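Since the structure comes first, as structure tokens, the remarks are kept for the end.
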Amino acid sequence: MKAVGRFLFRKRGHGGAWHWTDVVTWIWLILGTIIMFGPALWLVSSSFKGPAQLAEFPPTLLPYVQEVANVEGHDTPLPLYMVTMEDGSTRVMAEIRRIGTSAQMVDPADPQERVSVPLVDRQPLREVGLALNNYVDPFLAFDFMRYLGNSVFVTVAATLLTLLTNSMAAYALSKYRFRGRDAVMLLIVATLMVPLSVILVPLYSVVSSVGLLNSLWGVILPTIATPTGVFLLRQYMLTIPDELIEAARMDHASEWQIYWRIVLPLAAPALAVLTIFSVVWRWNDFLWPLIVLSRRELYTLQIGLNTYAGELNVQWHYILAMTVVTMIPVVLVFIFLQRFITTGIAGAGIK
Amino acid sequence: MARFGETVGRVAALPLVLIARALDPLLRLWQRWTGTGGMIAFFLLPNMAIFGVFVIIPLVLNVVYSLTGGIDILLKDRPFIGFDQYGRLLECQDYLQPTTCREDQFWTAVRNTALFVFFQVSLMVCVSMITALILNRKIAGRGFFRAVFFFPVLLSPVVVGLIWRWILQRQGLMNLIVTNLGFDPVVWLNDRFYAFSAAVGVSTWAHMGFYTLILLAGLQAIPRDLYEAAEMDATPASRVFWRITLPLLGPNLAVVLVLALIRGVQIFDEAYVLTGGGPGTSTLFITQYIYEVGFASFLRNPGLAAAASILMGLVLVVLTLVQLGLSKRAEKERAR
């Protein structure tokens, strides 16, 4: 225990009193953890609250659901309330129906006796619980299943194509000498300067003239020739020794075989980094799908969410739940692959 | 974990392996026929074709669009009007007063973006610098805290926007905190000042982890013996920071600064989901202006949007060239 304590509160240098910088460090780290994780946790907690609870102020930290009880003579469970009686005592009662500003209530222990109680004299009885309908309804009643499918399709197809085209180009640019190689490389690096937002209008016209408007392929194709991916893979492939390739050529391997049986497996670490990046990029894409897709059944999750959140009557209980669903793949990537990403960024300075 | 990932990867790759194998005889024929040159062309073709169609051609067309008028998206229906679109964008009596300009929305967006970039980049550099310095210390659970600050970077802009919209709404968490501190609740996103500040704060929250990582990599590349020497001379910590850390981190800091500038100029997604440009035009930024003029607004004008995007592109090109120069210098310094 003592060793753990010493480890946790290790200070600048060894031994000695706490330096003020240690205090600042820990305040910063703890506050930082709250600010970075807090909003997402708040979202998850809110996403399990029912619509009535979401409209309350002050909001509670945890989601609650109304307690219910089965009362003799009623088919469905009735909601329970804490009722303040006229003599000041309190009783737990179930609501049968509301009439104007009062409610007809019944004591679950004594189902025969009905009492009329003014609404102001009662408090709902609640327990910590999850409003799972927030998650179930959007998939059944709305198009979220389809949005999810579209998002998965776009992400998987775009990532596979990105890996294929980028690795082929990177292979040619790293393992062959030919005239114009530097020019091609320069062209690719130069297009790093051209973000999507600069070519929105003409790109729209190109995509429309090849007939890809309102098609998921119109979302996928313009994104797959990423200069970052080519650059990253090429830098990695340059470190693969040429002797391996020469030896394969001696054994009459075709160039295509050399590419997919020797170079690709050896470039696996770089391919893994690019896969992670590509999945996160494509899953999160917003502006371009927003422009290409105008038919509702083609929306990706991001566009669908934004559309529902932009409606006049925002149904927050559904929006919050679907935001959590949208967040899940990225959180999984974060939990399992965070190490690869952080080293990838530190190494190449890309995102 | 690694073993499991490998198995999954193998199974997923199986159909691809079969396709690759099936392609081999065909490509052998192609190789015999055209030689290595033909194979190089084959390897480059898919990527470069997509590049050409979806990046190079649009780049050229962008200029054409900006020089033509009308509301049609089809080029053959668009009359040539020279530099009128640029003239329209730049016509202004007083550039500091957007309302005196012909395209007041454009200048509002330019002013908002400039202010946004100024505040967001300053905040971003300060916060990520402090975080990187702290994460570079010998602290318990450094890997965990590094991950903590990186977490929001992966979230989609829509998720980021919605999370904060939910926190900043009338019955939200922010008002809970504010009322507990004894202040009156505020409808944050309906107030021009707070909405703009929220856009700055939220985008900093979402991206600071990325810049922190770059700075942290730079800090870790500083040779330890320099600090040891300083410790032996009993140099005060502030002096160590100004004389050793900052100069040696300089190139990384410059890269972070310019990268943040480039990204700041293009701000759109999370701000759009958070505020939708409002209230009024208080959070209207250039990319949203281009999007709305080009696609969404009632008075669509693709030419005007193209001209505005070219002006923005020029700013970005200058910034990127600066960045490339700085990275090259950083690399040289590291090699030395």
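The values are calculated or read from the model by the stated rules, or taken from the named source; none is laboratory data. Note that the coordinates shown come from a computational prediction; the quantities given were computed from them, not determined experimentally. Here the Cβ is made from the backbone with ideal geometry for all residues, glycine too, and neighbour counts use every protein chain on show.
A compact table of results
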{"quantity": "Odd one out for B:G182, checked against (1) farther than 20 Å from B:L253 by Cα; (2) crowded, with 21+ Cβ neighbours inside 10 Å", "calculated": "(2)"}
{"quantity": "Elements of type helices (runs of 4 or more DSSP H) in region B:1-106, at least 2 residues being out of contact with any strand residue (DSSP E or B) (no Cβ under 8 Å at 6 or more places or on another chain) and away from chain A (no Cβ under 12 Å)", "calculated": "B:2-51, B:84-90"}
{"quantity": "Restricting region B:185-203 to residues that are surrounded by fewer than 22 Cβ atoms within 10 Å (Cβ to Cβ) and under 29 Å from A:F334 (Cα atoms), the residue that is nearest to the other protein chains (Cβ to nearest Cβ)", "calculated": "B:G201"}
{"quantity": "Top-ranked residue of region A:88-98 - restricted to ones that are over 44 Å from the mean Cα position of the chain (by Cα) and modelled with pLDDT of 75 or more, ranked as farthest from A:Q66 (Cα to Cα)", "calculated": "A:S89"}
{"quantity": "Test: residue in region A:48-58 that is within 34 Å of the chain's Cα centre (by Cα) and modelled with pLDDT of 80 or more", "calculated": "yes"}
{"quantity": "Candidates A:V219, A:V194, A:V280, A:V210 - the one that is crowded, with 16+ Cβ neighbours inside 10 Å, within 23 Å of B:V60 (Cβ to Cβ), within 8 Å of chain B (Cβ to nearest Cβ) and out of contact with any His (no Cβ under 6 Å at 6 or more places or on another chain)", "calculated": "A:V194"}
{"quantity": "Some residue of region B:104-115 being buried (at least 21 other Cβ atoms within 10 Å of the Cβ), more than 26 Å from B:V148 (Cβ to Cβ), of a type outside the set (S, T, Y) and free of Cβ contacts under 8 Å to residues at least 24 places away in the same chain", "calculated": "yes"}
{"quantity": "Residue match in region A:113-120 (condition: more than 30 Å from A:P39 (Cα to Cα), of a type outside the set (G, A, S) and not in a strand (DSSP E or B))", "calculated": "yes"}
{"quantity": "Counted residues, region B:140-158 - those being over 17 Å from A:A40 (Cα atoms), touching a Lys or Arg at 6+ places or on another chain (Cβ under 9 Å) and more than 7 Å from chain A (Cβ to nearest Cβ)", "calculated": "1"}
{"quantity": "Scope region B:170-179; condition surrounded by 15 or more Cβ atoms within 10 Å (Cβ to Cβ) and facing chain A (nearest Cβ under 8 Å); matching residues", "calculated": "B:Q171, B:G172, B:L173, B:N175, B:L176"}
{"quantity": "Some residue of region A:18-30 being out of contact with any Asp or Glu (no Cβ under 9 Å at 6 or more places or on another chain), in a loop (DSSP other than H, G, I, E, B) and farther than 30 Å from B:M208 by Cα", "calculated": "no"}
{"quantity": "Per-region count, region B:53-90, residues under 31 Å from the mean Cα position of the chain (by Cα), loosely packed, with under 13 Cβ neighbours inside 10 Å and free of Cβ contacts under 8 Å to residues at least 60 places away in the same chain", "calculated": "4"}
{"quantity": "Filtered residue count, region A:44-75, keeping only those that are among the β-branched types (V, I, T) and outside any loop (DSSP other than H, G, I, E, B)", "calculated": "3"}
{"quantity": "Residue that is nearest to B:T212 (Cα to Cα), among those in region A:32-58 that are at the interface with chain B (Cβ under 8 Å from one of its Cβ atoms) and among the aromatic types (F, W, Y)", "calculated": "A:F37"}
{"quantity": "Qualifying positions in region A:311-343 - touching a residue at least 40 places away in the same chain (Cβ under 8 Å) and more than 10 Å from the chain's Cα centre (by Cα)", "calculated": "A:Q315, A:W316, A:H317, A:Y318, A:L320, A:A321, A:L337, A:F340, A:I341"}
{"quantity": "Members of region B:36-49 that are surrounded by fewer than 20 Cβ atoms within 10 Å (Cβ to Cβ) and within 14 Å of A:I188 (Cα to Cα)", "calculated": "B:L45, B:P46, B:A49"}
{"quantity": "Hey, A:A131 touching a residue at least 12 places away in the same chain (Cβ under 8 Å), crowded, with 16+ Cβ neighbours inside 10 Å and within 30 Å of B:F51 (Cα to Cα) or not", "calculated": "no"}
{"quantity": "Residues satisfying the stated conditions in region B:180-194, i.e. touching a residue at least 24 places away in the same chain (Cβ under 8 Å) and polar (S, T, N, Q)", "calculated": "B:N190"}
{"quantity": "Among (1) in contact with a Ser or Thr (Cβ under 6 Å, 6 or more places away or on another chain); (2) over 19 Å from A:L216 (Cα atoms); (3) surrounded by 24 or more Cβ atoms within 10 Å (Cβ to Cβ) - the single one A:A172 does not satisfy", "calculated": "(1)"}
{"quantity": "Count of region A:78-103 residues which are out of contact with any Ser or Thr (no Cβ under 9 Å at 6 or more places or on another chain), β-branched (V, I, T) and assigned to a strand (DSSP E or B)", "calculated": "2"}
{"quantity": "Selection from region B:280-315 of residues that are free of Cβ contacts under 8 Å to residues at least 12 places away in the same chain, of a type in the set (A, V, I, L, M) and under 21 Å from A:L293 (Cβ atoms)", "calculated": "B:A296"}
{"quantity": "Qualifying residues in region A:298-318 (those that are in contact with a Pro (Cβ under 9 Å, 6 or more places away or on another chain) and closer than 21 Å to B:P152 by Cα) - the one surrounded by the most Cβ atoms within 10 Å (Cβ to Cβ)", "calculated": "A:T300"}
{"quantity": "Residue that is surrounded by the fewest Cβ atoms within 10 Å (Cβ to Cβ) [pool: residues in region B:231-268 that are of a type in the set (D, E, K, R) and within 13 Å of chain A (Cβ to nearest Cβ)]", "calculated": "B:E231"}
